[in-house]
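One structure is given below, encoded as structure tokens.
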Amino acid sequence: MGEDRAGNSGRPRHVAIIMDGNGRWAKKRGLPRAMGHKRGVEAVRELVRSVEGMGLDCLTLYAFSSENWKRPEDEVDDLMNLMRRFIKSDLPEFIANDVRLKIIGDWQGLAPDIVEMLEDALEQTSKGSRVLAVALNYGSQQEIARAAAKAAAIGEVTEKTIAAHLDTNDLPPLDLLVRTSGEVRLSNFLLWQSAYAEMLFVDTLWPDFTPEMLQQALDDFAGRERRFGGR
């Protein structure tokens, strides 16, 4: 992470984004929320296409939380249908661009056809060298509880054994977490992983977030000094 867990941050290996503001983006324009989510997917597509030139090893996106099921049924249906279309349309591009898809969260609790599509996408992209991790049906408190239970089952609950059973156990340590839309909270996302991550909260609504803004966030990160509890 960064360089050597001390001094200037250098190049981040792993960036995570809480993609917030689709609904407000649509409301400001007098559009239905579904249009905000659709434009949000376009922002994801543009960002993923740009990551190769930024030197990131892993980009993690908060796509659908375990709490999002509380939203109106028609909105959840719109989100699920967008997910289906995104997987179908972008899988060939992931393969061509050496992207390995990883899903974190209780994604196997999604609709059976989506689970089947995700399983196929995971298999087809398994050889990719750069990771796009997508949080689906994800809640960090639930993830930590699952990891602790697995650690207890092997007879030793420590920071090391819990970390080994997190959904992100095979990813680089989280360096930078970005949240769009002006909200300043983590919303049950990567709580364990964020212990020493740098954080950046921006006012931009997610559909308006551009690759240039991500690059600016990386530049901001490079100027920070990370002490990891030291001096």
Check: Across segment 75-84, what is the number of residues that are over 17 Å from ILE18 (Cα atoms) and in contact (Cβ under 8 Å) with a residue 24 or more places away in the chain?
Finding: 5
Margin query: Looking at ALA34, ALA63, ALA26, ALA43, can you tell me which residue is under 18 Å from GLN215 (Cβ atoms) and in contact with a helix residue (DSSP H, G or I) (Cβ under 9 Å, 6 or more places away or on another chain)?
Written below: ALA43
Margin query: Tell me the residue from MET19, MET35, MET54 that is closer than 22 Å to PHE189 by Cβ and modelled with pLDDT of 95 or more, please.
Written below: MET19
Check: Taking only pairs six or more apart or across chains, which ones have beta-carbon atoms under 8 Å, a first residue in segment 100-125 that is under 17 Å from THR168 (Cα atoms), and a second residue that is loosely packed, with under 13 Cβ neighbours inside 10 Å and not acidic (Asp, Glu)?
Finding: ARG100/SER126; ARG100/LYS127; ARG100/SER129
Check: Where in segment 140-231 are there helices (runs of 4 or more DSSP H), lying fully within it, with 3 or more residues that are surrounded by 15 or more Cβ atoms within 10 Å (Cβ to Cβ) and in contact (Cβ under 8 Å) with a residue 60 or more places away in the chain?
Finding: 211-222
Margin query: With the structure loaded, tell me whether ILE104 is of a type in the set (A, V, I, L, M), closer than 30 Å to PRO12 by Cα, buried (at least 16 other Cβ atoms within 10 Å of the Cβ) and in contact with an Asp or Glu (Cβ under 8 Å, 6 or more places away or on another chain) or whether it fails that test.
Written below: yes
Next item on the list: State all residues of segment 26-67 that are among the polar types (S, T, N, Q) and either free of Cβ contacts under 8 Å to residues at least 12 places away in the same chain or under 21 Å from PRO12 (Cα atoms) (or both); if no residue qualifies, say none.
Entry: SER50, THR60
Check: What is the residue count in segment 107-129 for residues that are buried (at least 18 other Cβ atoms within 10 Å of the Cβ) and over 22 Å from ASP78 (Cβ atoms)?
Finding: 1
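The values are calculated or read from the model by the stated rules, or taken from the named source; none is laboratory data. Model, not experiment: these values are computed from the prediction. Don't worry about glycine lacking a Cβ; one is built from the backbone with ideal geometry, like all the others, and counts go over all protein chains shown.
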